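S.K.: Below: one structure in structure tokens.
The numbers here are math on the coordinates, done by the rules we state, and not lab data. Note that the structure is a prediction, hence the values are computed from the model and not measured. FYI the Cβ positions are ideal-geometry reconstructions off the backbone, even for glycines, and counts take in every protein chain you see.
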Amino acid sequence: ISEKQIIHISKFLSLVLRHQPETIGIQLDQNGWTDVDDLIEKANNYGIKFDRETLIHIVATNAKKRFAFNDTFDKIRASQGHSIEIELGYTNHKPPEILFHGTAEKFVKSILDTGLEKRNRQHVHLSSDLETAIKVGQRHGKPFVFEVFAKQMYNDNFQFYISDNSVWLTDNVPTKYLKQN
Ligand code: HQG
């Protein structure tokens, strides 16, 4: 299987496990899990062909660890990034002093107006390193990185979570906690 095919399947998995399971007629439970055999069968029927071995390979090698199996390997879910409402079972974590948010220059004015909002996702996504934030920003255009005064937010009773793949999540970031880099 080629790298190109793997990326194609991985994007398809993001679509059905985060946003539109109905595209292929699978269901996610309240914690985002879906049956592995059912996923493979329905994806194949839909024309996205892969077997169990390939799926395991994709989950294991995905650079951002976007997907995870349960302990018995019969269920799979996306670790974060959902637009549909599911309960991932996050626990509150104390963040470091500073977290980063990568966005595009074209959004900066609006963000300074209203703060960081979760938009279509379930959370605002933050990263602990600058490099990741730059990459996230590049997806939207010319990257721009905000420093977020995370510890200060935490002390002011904002909740922070970490996903299985180490993305920091929070509900919103008011402008006063943003420093422009
Ligand atoms: C922006 C990827 C205007 C926000 C990444 C962002 C991440 C505002 C965009 C994950 C705004 C939403 C999430 C405001 C926020 N005015 N724009 N008030 N508040 N925005 O894609 O954080 O590859 O939903 O800055 O690595 O870019 O999918 O969020 O630019 O972890 O695994 O609205 O997705 O992971 O865009 O990315 P997104 P994001 P995956």
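S.K.: Could you give the size of the charge dipole of region 60-181 about its Cα centre, using +1 on the Cβ of each K and R and -1 on the Cβ of each D and E, expressed in debye and rounded to the nearest 20? If you can, show how the numbers build up before the last one.
M.R.: Numbers: 17 positive and 14 negative charges, 79 e Å.
It works out to roughly 380 debye.
S.K.: Quick one: Cα centre-to-centre distance for region 84-110 and region 1-64, in angstrom?
M.R.: 25
S.K.: Further, regarding this structure: Write down the Å³ per residue value for the convex hull defined by the alpha carbon atoms of region 46-127. Intermediate results must be reported in sequence, preceding the final value.
M.R.: Working: hull volume 14.7 nm³, N = 82.
In region 46-127, the Cα convex hull volume per residue is 179 Å³.
S.K.: In nm, to one decimal, how far is the modelled label at PHE69 from the one at ASN172, with both set 7 Å along Cα→Cβ?
M.R.: In this crude spin-label approximation the distance works out to 4.1 nm.
S.K.: How many nm separate the modelled label positions at ASP37 and HIS19, each set 7 Å beyond the Cα in the direction of the Cβ?
M.R.: 3.1
S.K.: By how many nm would the segment from ILE98 to THR54 lengthen if fully extended, with 0.36 nm per residue of separation less the alpha-carbon distance? Spell out each step's value before the answer.
M.R.: Values: separation 44, 0.36 × 44 = 15.84 nm, distance 3.79 nm.
Net length gain for the segment: 12.0 nm.
S.K.: Which whole-Hz couplings ³J(HN,Hα) result when phi for each residue of region 126-135 is put into the Karplus expression 6.51 cos²θ - 1.76 cosθ + 1.60, θ = phi - 60°, listed in order with x for Gly and Pro?
M.R.: Here the 3J(HN,Hα) series is 10, 10, 8, 10, 5, 4, 4, 4, 5, 4 Hz.
S.K.: Tilt of helix 52-61 relative to the longest C-alpha principal axis of the chain, in degrees (0 to 90, nearest 10)?
M.R.: Approximately 20 degrees, to the nearest 10.
S.K.: Continuing with the same structure: Considering region 1-74, what Rg and Dmax in Å follow from its alpha-carbon atoms?
M.R.: 11.4, 34
S.K.: I need the P(r) histogram for the chain: all alpha carbon pairs, bin width 5 Å from 0 out to the longest distance, whole percents.
M.R.: In order of increasing distance, the bins hold 1, 8, 16, 19, 17, 14, 12, 8, 4, 1, 0 percent.
S.K.: Would you list, by chain and number, the aspartates and glutamates whose Cα falls below 14 Å from the Cα of LYS94, excluding same-chain residues fewer than 8 positions away?
M.R.: Correct list for LYS94: ASP156.
S.K.: With each pseudo-label sitting 7 Å past Cα toward Cβ, what's the GLN159-ILE84 distance in nm, one decimal?
M.R.: Rounded to a tenth, the inter-label distance reads 2.2 nm.
S.K.: Moving to a separate point now. Suppose only helical runs count, i.e. DSSP H with n ≥ 4. What mean residue ellipticity at 222 nm does that imply for the chain under -39500 (n - 2.57) per run, divided by all residues and rounded to the nearest 500 deg cm²/dmol?
M.R.: Theoretical 222 nm ellipticity from helices: -8500 deg cm²/dmol.
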